[in-house]
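First comes the structure, then the notes that go with it.
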Amino acid sequence: MANTFGKIFTLTTFGESHGEAIGGIIDGCPAGIELNLETVQYEMNRRKPGQSKIVTQRKEPDEVQFLSGIFEGKTTGASIGFIIKNANQRSNDYEHIKDAFRPSHADYTYDKKYGVRDYRGGGRTSARETANWVVGGAVAKQVISNIKINAFTSSVGEIFMEKPYQEVDFNNIESNDVRCPDTATAEKMIARINEIKKQGDTIGGTVTCVIQNVPVGLGEPIFDKLHAALGKAMLSINAVKGFEYGSGFCGAKMKGSEHNDIFNADGTTTTNLSGGIQGGISNGMDIYFRVAFKPVATIMQAQQTIDKDGNVVEMHGKGRHDPCVVPRAVPIVEALAAMVLTDFMLLNSFKKL
């Protein structure tokens with residue numbers, strides 16, 4: 001099972017949703033980085049369950065305990081070990097899926113691949129694993145502190161924030177429960193999520209991420225393209241169904257004369273349909289991309305499914321689940337983007353030695 005992310009700056013994780021704890025080891029972090037552990041905890045608080053009425057009501061403090069690699073507030077260059085205790089498991093909520101598979105969930109494929117699965121909360125396939133990623137990303141953000149990474153909810157269902165990212169005030173992202181920086185749109189999104197929740201259903205949406213102050217030259221022209229690494233990272237997040245950067249799929253409808261970013265004398269471009277990346281390499285412009293999340297598979301309605309013996313059975317979701325994962329996914333998108341950028345920055349520094 002692949003449990004390690006990255007090449008130089010790496011994160012290896014462990015744990016299950018309803019086990020004693022989750023945690024990880026960060027390797028490749030340079031020595032001498034001043035780490036603000038309160039900032040790390042702040043990022044964890046953005047992701048943790050129970051933070052508002054429109055997310056799962058599982059109550060987890062998600063307090064990070066660092067075990068190694070930090071001395072007197074600075075990284076030592078050694079492995080940074082950390083652990084996050086699971087404090088609020090309700091494993092009995094999952095007894096009804098012990099021998100059955102939730103439609104569109106990883107239950108079936110995991111069981112068929114490994115022949116065994118921890119059905120409590122999805123075990124290793126649970127999005128609880130992403131708490132580890134947020135720790136790695138919070139450390140990575142402090143390694144590349146000059147690079148600014150901001151993600152926000154840009155749509156919920158058919159409700160879209162129409163404002164382009166250049167007009168977004170990133171300071172407003174945390175001003176509401178759905179993490180949409182446009183107040184009027186946020187109110188509509190929240191109302192829609194509450195409506196869906198009352199129906200015992202779930203809904204999807206998108207997260208937009210903007211990365212600024214990226215130097216020219218990150219990425220490779222062939223297999224280690226920067227946008228490919230970002231895409232792989234985002235598609236690794238639970239419930240993600242799509243990734244597009246720059247003009248994305250809209251670019252497929254345009255002519256070259258419409259799509260080309262014309263250069264200015266200083267190397268910047270008059271437009272940025274390339275999304276800050278050309279030929280797999282950063283060009284110094286803002287990198288921006290959008291990540292699509294499907295509706296959560298576990299719904300509080302009766303559905304037909306099969307059990308492990310192939311019998312058709314009826315299932316009704318139980319327990320505490322997000323009616324929409326998008327608000328809590330915002331810090332996860334930022335975290336993975338930060339780890340990708342840190343990895344590529346370190347790769348570039350080695351090449352210049």
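Using Cβ counts within 10 Å as a stand-in for footprinting exposure, how do Glu158, Glu195, Glu334 rank, fewest first?
Final ranking by Cβ density, sparse to dense: Glu158, Glu195, Glu334.
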Around Phe101, under 12 Å between beta carbons, what's the net of Lys plus Arg minus Asp minus Glu among the other residues? 0
Quick check: net charge around Arg192, other residues with Cβ under 13 Å of its Cβ, Lys/Arg +1 and Asp/Glu -1? -2
Write down the Kirkwood hydrodynamic radius of the chain, to one decimal in angstroms, obtained as one divided by the mean of 1/r over all alpha carbon pairs. 21.3 Å
Pairs over 31 Å Cα to Cα, from Lys74/Lys241; Lys74/Lys294; Lys7/Lys113, come to Lys74/Lys241; Lys74/Lys294
About the Cα centre of the chain, how large is the charge dipole given +1 on each Lys and Arg Cβ and -1 on each Asp and Glu Cβ? Please answer in debye to the nearest 20. 480 debye
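Arranged by the count of other C-beta atoms within 10 angstrom, fewest first, what order do Tyr114, Tyr165 take?
So the residues, fewest neighbours to most, are Tyr114, Tyr165.
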Would you order Leu336, Leu35 from fewest to most other beta-carbon atoms within 10 Å of each residue's own beta-carbon? Leu35, Leu336
Projected onto the charge dipole of segment 4-351 (unit charges on the beta-carbon of Lys, Arg, Asp and Glu, signs +1, +1, -1, -1), the Cα from Ala31, Gly137, Val116 with the largest positive-side position is that of Val116
Using alpha-carbon positions, what is the distance between the centroids of segment 200-272 and segment 22-72, in Å? 27 Å
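For every helix of n ≥ 4 consecutive DSSP H residues, a contribution of -39,500 (n - 2.57) applies; sum these over the chain, divide by its total residues, and give [θ] at 222 nm rounded to the nearest 500 deg cm²/dmol. Please list the in-between numbers first.
Numbers: 7 runs with 89 residues, N = 353.
Using -39500 (n - 2.57) per qualifying helix, the result is -8000 deg cm²/dmol.
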Among Glu16, Glu162, Glu129, which one shows the biggest mean-square fluctuation in a GNM of the chain, springs joining Cα atoms closer than 10 Å? Glu162
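Where a number appears in this text, it was derived from the coordinates with a stated rule and is not lab data. What you see is a predicted model, and the numbers here were worked out from it, not measured in a lab. All Cβ positions, even for glycine, are placed from backbone atoms using ideal geometry, and neighbour counts span all protein chains on display.
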